[in-house]
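Q: Sharing a structure below in structure tokens format, with a few things to ask.
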Amino acid sequence: MSSPPKSQKTKSLIEQNSIAWLVTALFFVWGGATSLNDVLIPKLKGLFALSYLEVMLTQFAFFMAYFVVSIPAGALVSRLGYMRGLVVGLCVMSVGAFLFILAAQSGAYWPFLVALFVLAGGITVLQVASNPLITTLGDPAGASSRLTFAQAFNSLGTTIWPYIGAVLILHSAASVDPATIPAAQLPALRIHEAAIIGHIYLGIGLTLALVALIFWSRRHVLPVKTSENVGILESIALLREPRLAFGALALFLYVGAEVSIGSMLVSYLELPRTLGLSPQSAGEHLSFYWGGAMVGRFVGSWLLNRVQPGKLLAGFAATAAALVIVSMAGTGFFAGWALIAVGLCNSIMFPTVFSLSLQGQGERTAQASGLLCMAIVGGAVVPLLSGSIADSFTIAAALAVPVVCYLVILVFGLSNRRGAGA
């Protein structure tokens, strides 16, 4: 049988490269949407007079979607293919963004949790489809490097969006204190302040709907490869494989640590013992935390072509744990910026753990991806533990939780130090 003409191969390569860049752009979009949670937390905390534990329910609602949706999303992507799966994810995200408008008009806290859950459900489908898709578009040996590069654009979104969100959402946080407002006027105040949030997510929802149309128009570029035996029980059975199970635990703890720090960072930087910043300035400093992850991922993409992924992961995890301990023990400049610098160490963790865990899955990659994305529920569970400790003791004491998480990731890296890499 003759091979396809060279012109057809070139056309196919160009089309796949265009898909790779489109999917990379999605990493930017959902990274930004996720990082806005860290700006919403101080806003909602003040607006509804919430404790740290109560306000962490925003992260619980958001990341619980990964636990609920990931395995069904893996089955869905296995049946529909990556491109159609991405369209579904974008449409669900768009619906979640529009729900913020209704939440803002309600003047209540719980509708925001519903909107966050739906938005995160869409992001979950995107994660399940896009992460393995990026790893398959090229040489398997470069999967960690390729996914880390794509995740760098995720970090670009988490760097830019919090700054914009802080300017738009937190600019009035210092001037509005619900405790000083008569009870009869509180509903109107909350609706007025929440309207800012609704307007922002209206723009996000419209943008997502447009992007969904773009991906729908490109749905025939990649062939649909359906798989059999993609039920929930069959997917869960994959956890019998030690590498995948340990990888799921490492992702659970990584996301939990990253989200815990990001969620508490604004309040932490406002403390007199750290940097003593205003709410808006502290929110703007989130961009340095997420920007560190962006820089680290671009650099990490280069390093992963030269250093075994497991060894590099272990080194980054050890450094992250050390920085958190320095922040806990220090004060002033060192306490604040040591914690911000953890973002740089977070950079390669998700893509490296993800790609190492998927090695050898073959046709079960979409299902395994669903299981790994389900582990992102760590972003719901671990911050609740951190918030509870912060309420009972201090934010600095709550940082002990991320330290433990990074130490477990260190062990995972060491156990996979001979994993495939460049």
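Q: According to a simple spin-label model (label point 7 Å from Cα along Cα-to-Cβ), what is the distance in nm between Ile325 and Gln105?
A: Distance between label points: 5.3 nm.
Q: Residues with amide H under 5 Å of Gln359's amide H, sequence separation 5 or more or different chain, H placed in the peptide plane at 1.01 Å from N; which?
A: It is none; the list stays empty.
Q: Also, quick follow-up: Could you pull out the longest piece of the chain with no exposed loop trypsin sites (Lys or Arg not before Pro) in it, calling a site exposed if DSSP puts it outside H, G, I, E, B and it has at most 13 other Cβ atoms within 10 Å? Before the final figure, lay out each step's value.
A: On the way: sites that count: Lys225, Arg306, Arg418.
Segment 1-224 is the longest.
Q: Between Ala397 and Leu385, what length in nm is gained on full extension when 0.36 nm per residue of separation is reduced by their alpha carbon distance? Intermediate values should be presented prior to the final figure.
A: Details: separation 12, 0.36 × 12 = 4.32 nm, distance 1.14 nm.
Result for the pair: 3.2 nm of gain on full extension.
Q: List the residues, sorted by chain then number, that are 5 or more residues from Thr274 or on another chain and whose placed amide H is less than 5 Å from its amide H.
A: Residues meeting the criterion, in which the H sits 1.01 Å from N, are Gly332.
Q: If you don't mind, another one. Can you work out ³J(HN,Hα) from phi for every residue in the range 188-205, in order, using Karplus 6.51 cos²θ - 1.76 cosθ + 1.60 and θ = phi - 60°, giving whole Hz and x for Gly and Pro?
A: Taking θ as phi minus 60°, the curve returns 5, 4, 5, 5, 5, 5, 6, 4, 4, 5, x, 5, 5, 6, 4, x, 5, x Hz for the range 188-205.
Q: Mind checking the full-extension length gain between Leu50 and Thr207? Use 0.36 nm per residue of separation minus the Cα-Cα distance, one decimal, nm.
A: On the way: separation 157, 0.36 × 157 = 56.52 nm, distance 3.13 nm.
Answer, rounded to one decimal: 53.4 nm.
Q: Using the count of nearby Cβ atoms within 10 Å as a rough guide to exposure, how do Trp30, Trp110 rank from fewest to most? Intermediate values should be presented prior to the final figure.
A: Values: Trp30 24, Trp110 12.
Ordered by Cβ neighbours within 10 Å, fewest first: Trp110, Trp30.
Q: For Asp391, Asp38, which order do you get if you count the other beta carbons within 10 Å of each Cβ and list the fewest first?
A: Numbers: Asp391 15, Asp38 26.
Placing the least packed residue first, the sequence is Asp391, Asp38.
Q: What three numbers, in Å, describe the spread of the alpha carbons of the range 6-415 along their principal axes, ordered from the longest?
A: Extents along the principal axes, in whole Å: 71, 43, 39.
Q: Enumerate the calculated ³J(HN,Hα) couplings along the range 252-258 in order (Karplus 6.51 cos²θ - 1.76 cosθ + 1.60, θ = phi - 60°), each rounded to whole Hz, writing x wherever the residue is Gly or Pro.
A: Running phi through 6.51 cos²θ - 1.76 cosθ + 1.60 with θ = phi - 60° gives 4, 6, 4, 4, x, 5, 4 Hz.
Q: Could you tally the net charge around Phe27, taking each other residue with its Cβ under 14 Å from the Cβ of Phe27, Lys/Arg +1 and Asp/Glu -1?
A: Numbers: positive: Arg146, Arg297; negative: none.
Overall, the nearby charge balance is +2.
Q: Remind me, relative contact order of the range 6-415 in percent, using alpha carbon pairs under 8 angstrom and six or more residues apart? Mind dumping the intermediate values first?
A: Values: 747 pairs, mean separation 113.2, N = 410.
Computed over the range 6-415, the figure is 28 percent.
Values in this text are rule-based calculations from the coordinates and carry no lab data. In this text the structure is predicted, and so the values were computed from the model without any measurement. Because the Cβ atoms are built from the backbone with ideal geometry, glycine has one as well, and the counts that use them run over all protein chains shown.
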